[in-house]
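**Student:** A single structure is presented below for examination.
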Amino acid sequence: PQAQQAQQQGIMLDMADKQAKVEKTKAETQKITVEAQLMPSEVQAKVVSALSNNLNEDAEGADFERRAKIAELMLKERDIESNHDIAKMQMAMKSQETDQFNSILKD
């Protein structure tokens, strides 16, 4: 009875440890996802700053419009890349969760 109880406690501790690792992985993945989502805002701020500097005073309107269009295209490209990265991370996280869950079930 005591040996069996000790074995059950060992199994429970092992499961708790595995669950903690799964939760840690989830937290790390969430952190990466949030950081990836914030990147376009940071890039946008840098582009706006760059656009406001070094304007040609003779053709300020046309120069600004050209820079704004370039910045808009850059932001769209970065947004697409960011969404792609987020989707890849989410798929990897889901796959890892499934693998860990299956591993727990096997043990």
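**Student:** Against the definition (surrounded by fewer than 11 Cβ atoms within 10 Å (Cβ to Cβ), modelled with pLDDT of 75 or more and out of contact with any Pro (no Cβ under 9 Å at 6 or more places or on another chain)), how does K88 come out, yes or no?
**Tutor:** no
**Student:** Identify all residues within segment 1-30 that are open to solvent by 90 Å² or more (accessible area, probe 1.4 Å) and either modelled with pLDDT under 85 or among the polar types (S, T, N, Q) (or both); write none if there are none.
**Tutor:** Of everything in segment 1-30, those that are open to solvent by 90 Å² or more (accessible area, probe 1.4 Å) and either modelled with pLDDT under 85 or among the polar types (S, T, N, Q) (or both) turn out to be P1, Q2, Q4, Q5, Q7, Q8, Q9, Q30.
**Student:** Test Q37 against the criterion of being open to solvent by 90 Å² or more (accessible area, probe 1.4 Å) and without any contact (Cβ under 8 Å) to a residue 24 or more places away in the chain, and give yes or no.
**Tutor:** The answer is no for Q37.
The values are calculated or read from the model by the stated rules, or taken from the named source; none is laboratory data. Just so it is clear, the model here is predicted, and its values are computed rather than measured. Positions of Cβ are backbone-derived with ideal geometry, glycine not excepted, and every protein chain shown enters the neighbour counts. The accessibility values were calculated without ligands, DNA or RNA, using every heavy atom of the protein model including side chains. Shrake-Rupley method; radii C 1.70, N 1.55, O 1.52, S 1.80 Å.
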